[in-house]
Structure formats: structure tokens, C-alpha cells
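In what follows, a single structure is set out as C-alpha cells and then discussed.
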């Protein structure tokens, strides 16, 4: 995950979530054990649900993400099995401040 961040500096965090919204793998600047569930967070629930229904990238609404102490734009993409059923969601965040952007 950290290599992805270094190759794409516009993104400040990456993660892989279960379809129930739990982040299980993240970039090293986040601790998955302390992160809020994406599906149960009112600020991220809508875009997460949309990602589960869509076959393409889903852009979420801007919100302040406390674990990063920054305003972010979330991007989500559902990973599907051969039958087209979502099995995980790749999620990333773009920072709106210059403190993370080069």
C-alpha cells in the first residue's frame, strides 16, 4: 500500500475494506484496528453503498477524516468475483490541503 502512495502522491491513504465496511488492510499511515467502519460512518456510507452497486470508480463527498486530520475526497472501487458479486472495496483518499500534497 505504501508503494502505491509513493507512486501516486495525490493520494494520502489507501485501504481495502470488507463489503461490510471494515478496513482490513491500509497504508501504514492508518491503523485498521482504530478506524471507523466505512459503512456505519454517516460521512462515508453513501459512497460506500454506491461503490457496491456500481462497476466503476465511485467518487464520494468531501468530509473531514479524523484519523488523517484532513479534509478528503474519497474514491472507492468494488472488487468482484467471477459472478460479479462484490467481495471487497478498494478505497483511497485525496487530500484537499497542501500538507500532504507535493
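Considered as a group, the residues in the stretch 64-78 that are surrounded by 13 or more Cβ atoms within 10 Å (Cβ to Cβ) and out of contact with any helix residue (DSSP H, G or I) (no Cβ under 8 Å at 6 or more places or on another chain) include one that is nearest to residue 19 (Cα to Cα), and that residue is 75. Residues in the stretch 50-60 that are closer than 23 Å to residue 34 by Cβ and free of Cβ contacts under 8 Å to residues at least 24 places away in the same chain: 1 in all. Each residue in the stretch 44-86 was checked for being in contact with a strand residue (DSSP E or B) (Cβ under 9 Å, 6 or more places away or on another chain) and in a loop (DSSP other than H, G, I, E, B), and 9 of them qualify.
Would you mention how many residues in the stretch 20-43 are part of a helix (DSSP H, G or I) and closer than 23 Å to residue 9 by Cα? So that I can check it myself, show each step before the final result.
Going through the stretch 20-43, the residues part of a helix (DSSP H, G or I) turn out to be 32-34.
Now restrict to residues that are closer than 23 Å to residue 9 by Cα: 32.
So the count comes out to 1.
Quick test for you: out of 51, 17, pick the one residue that is at pLDDT 95 or above and either touching a helix residue (DSSP H, G or I) at 6+ places or on another chain (Cβ under 7 Å) or over 13 Å from residue 93 (Cβ atoms) (or both). It is 51.
The values are calculated or read from the model by the stated rules, or taken from the named source; none is laboratory data. Not measured: the values here are computed from a predicted model. Methodologically, a virtual Cβ is constructed for each residue, glycine included, from the backbone with ideal geometry; neighbour enumeration extends over all protein chains shown.
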